[in-house]
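To start, the structure under review is shown below, and the notes come after it.
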Amino acid sequence: MKDHAIIPVWFFVGVLLVIYGVLILASGLAEWSGPGPIVLASMHAPVWWGALLIVIGLFYCAAFGGGKKNRSKTSR
Amino acid sequence: MISLGGIDLAIIAIYFLAVLAIGLYLKRFAQSGEDFFLAGREMTAWVAGLSFVSANLGSLELLGWAGSAYQYGILAAHWYWIGAIPAMLFLGIVMMPFYYISKTHSVPGYLRLRFGPAASALSATTFAAMTILMSGVNMYAMAVVMKVMLGWNIHFSIWISSLTVGIYVAAGGLYSAIFNEVLQFFLIWLGALLVPILGLIETGGWSGMVSRIQRNFPGQDFTHLWSTLGRFQDNPMGMHWTGIVFGLGAVLSMGYWTTDFLVVQRVLAAKDLRSAKLAPVIGSFFKMAVPLIVILPGLLGLAVLPDRLVAESALQPGQHSYNEVLPLMLARYFGPGLLGLGVTALVAGFMAGMAGNVSAFATVWTYDIYRPFLRKTAPDAHYVSMGRWCTIIGLVVSIGTAYLAMGFASIMDYVQALFSFFIAPLFGTVILGMLWKRVTPAAGFCGLLAGTLSSVAMFFVVKFDPSALSIIALSTHAKALAEDMYRALWSFLINVIVTVMVTFVTKPKPGSDLKGLVYGLTKIPMEGELTWFARPALWAAVALVVLLLLQRIFW
């Protein structure tokens, strides 16, 4: 069995979700007072959905990032 | 048409950059043939399971089945439940040991070990053709998204996305495909789940949605799964329950989930037999939930969209087709930011669908056509290089097939027609070969050939003489999907009959040649040493119970 220090796929998932969460949350806050002409605009879905993405993303970053790189391919 | 803001475009651009970066990062890990074509066979059950179900959850699935749900109602959910779950569990528990223990690279590779080169070459050739055609469908689905939502030039969308897929798959092989499928899994769920949530809030829940549909389409039943299947003319699909149970559940889905190498390849990448058995079981739970983000938006479209959608072939200026229901629902509820995420989810689905097809194509071409028939002995690096070139060539060819898909009433009609040609007969050959040691190499080849040719022949007979539908699909009320189900059933039966007949007049292989390939001659490791909650069979039983409950709830 070969040893590779490969970053787990879950870490990539976490990073991408955090970035997306921040962008979506920011856009939701930016148009809080004047949401666009969409159905149910008053629910401000981008705000709470963006926050949810950040929480999920941070969980995956914390669980699989930093010093927790895989020892080998097997733990991917 | 909707216009994307800067933040939406940034979200899409970040996705493209991320998949390219991941592909180039993984290139260093995909040096040998085992790495490039089977991701080193070292994936955990969870990664293999998510990749297994994601390989099938492309934008084609999202758009096509959402469109089918608008067209046929909740009957489309059969393709996620009875048309998927029993087959996925059968693959994991019954068939996977044979695939895994034989250490084959592919399904045609298994056929070569079991039946010899003729059956393998036939299945490899038909599979290669099918993957290219399917890639084309994915491109077409993508073009629909870009046309409806963004007004982007179709050719620009196709080439940019294809180029990106080509780079990351050619660099990292199945590693890249699997990593991006897992990424795509999260994006699709998180990008699409808001549509049913907001849709149900708007309609006042399930019952509110049903009453709106009844008001919009009086006299038609779009929300019952089984109760309208007693007669062809009682449901929007023109389907009979025998077509769903025997054509879809027993043949077509079994064929797709157990012999379509695109999905089986993901499970073959698992690190051990237990992970390989568990991966489809894990996948089955997610598969059962997919109607939430695919079928439900289609039903909500029936309830809330002000304009009636029509078939692609009947499209007039200003109208939208069935396949556009999901983009229209995204545009209805999503503002800046979320819209970018929704579009990215569809783009990710499209690219993962493409990547899945081209990586499977590269494997089958290299290992099942090029190596056995064109260049038997070459260094491993040569075959990896061939795999990389195949990825690019496969993509270029599949661009041409994108235009073929445009002539069908809905995307799923085209896909199901392809499956009935190639997958249903293949299932007959593989399952007989695995479970009955007497089946001979000549019988395997003849059965597969007869099944495939008869399926294609039935398709063209109905095209030239529509009245033949009453024989092939048992009713003139049968619609395209129903016809596909029956064609699959007949081609499977023809395959089985021919295989059995030829078996009895030809000489079987000696038992010593079939060890590790056939039931009764293969030592399958028992699960006795595993704790009860770690056994794949237990979770397969739980999945079956959930499946039955869903049938009861939506009967």
Search the structure for amide H atoms under 5 Å from the amide H of residue B:270, placed 1.01 Å from N in the peptide plane, and list their residues when 5 or more places away or on another chain. B:43
How about segment B:202-275: which trypsin sites (Lys or Arg not before Pro) there are in a DSSP loop, with at most 14 other Cβ atoms within 10 Å of their Cβ? B:231
Which whole-number percent is the relative contact order of segment B:145-298 (Cα, under 8 Å, 6+ apart)? 17
Inter-label distance, nm, simple model (7 Å from Cα along the C-beta direction), residue B:159/residue B:375: 3.0
Dipole moment magnitude, nearest 20 debye, segment B:1-62 about Cα centre, only Lys, Arg, Asp, Glu C-beta charged: 140
Residue B:193's amide H: which non-local residues (gap 5+, or another chain) put their own amide H closer than 5 Å, with H modeled 1.01 Å from N in plane and none for Pro or chain starts? none
With an 8 Å Cα cut-off and a minimum separation of 6 or more residues, compute the relative contact order for chain B in percent. 29
Per DSSP, loop trypsin sites (Lys or Arg not before Pro) in segment B:353-404 with at most 15 further Cβ within 10 Å: B:375, B:376
When all Cα-Cα pair distances of segment B:245-295 are considered, the percent exceeding 13 Å is 67
In Å and on Cα atoms, what radius of gyration and Dmax does segment B:278-346 show? 14.9, 49
Restricting to Cα atoms and excluding each atom paired with itself, what does the Kirkwood estimate give for the protein assembly as shown in Å? 24.7
At a Cα cut-off below 15 Å, give the aspartates and glutamates reachable from residue B:147, other chains included and same-chain residues fewer than 8 away excluded. B:312, B:324
What translational diffusion coefficient, in µm²/s and rounded to a whole number, does the Stokes-Einstein relation yield for segment B:125-179 at 20 °C and a viscosity of 1.002 mPa s, taking the hydrodynamic radius as the Kirkwood radius over Cα pairs? 174
Once both labels are modelled 7 Å past Cα along the beta-carbon direction, what's the residue B:125-residue B:541 spacing in nm? 4.7
Using only Cα positions of segment B:1-133, each an equal point scatterer, no hydration layer, compute I(q)/I(0) via Debye at q = 0.20, 0.22 Å⁻¹ and quote the log10 values to two decimals. -1.39, -1.40
Amide H of residue B:321 versus every other amide H placed in the peptide plane: which residues, excluding those fewer than 5 positions away on the same chain, fall under 5 Å? B:310
Starting from a Cα-only point model with no solvent, please compute log10 I(q)/I(0) by Debye for segment B:366-515 at q = 0.09, 0.21 1/Å. -0.42, -1.16
In terms of the charge dipole of chain B, which places +1 on Lys and Arg and -1 on Asp and Glu at the beta carbon, the residue among B:516, B:187, B:209 farthest towards the positive end is B:516
Please report, in Å, the Rg and the Dmax of segment B:463-517, where both are computed over Cα atoms only. 17.6, 51
With a 30 Å threshold on alpha-carbon distance, the violating pairs from B:277/B:437; B:103/B:437; B:463/B:509 are B:463/B:509
Quick one, could you list the DSSP H helices from chain B stretching 20 Å or more along their long axis (Cα atoms) with average Kyte-Doolittle hydropathy of 1.6 or above? B:6-26, B:338-364, B:411-435, B:536-553
Quick numbers on chain B, Rg and Dmax over C-alpha atoms in Å, give 22.5, 69
Evaluated at 20 °C with a viscosity of 1.002 mPa s, what Stokes-Einstein diffusion coefficient in µm²/s does segment B:88-154 have when Rh comes from the Kirkwood expression over alpha-carbon pairs? 147
Across segment B:218-366, how large is the tail of the calculated P(r) beyond 23 Å, expressed as a percent of all Cα pairs? 57
Loop trypsin sites (Lys or Arg not before Pro), segment B:475-537, which have at most 10 other Cβ atoms in a 10 Å radius of their Cβ (DSSP): B:523
Prolate/oblate/rounded label for segment B:434-555 (Cα gyration tensor, a/c 1.5): oblate
How much length would be gained if the chain were fully extended between residue B:231 and residue B:28, taking 0.36 nm per residue of separation minus their Cα-Cα distance, in nm to one decimal? 67.3 nm
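Readers should treat all values here as calculations from the given coordinates under stated rules, not as data from a laboratory. Being a predicted model, the structure only gives us computed values, none of them experimental. For neighbour counting, all protein chains shown are included, and Cβ atoms are generated from backbone atoms with ideal geometry for every residue, glycine included.
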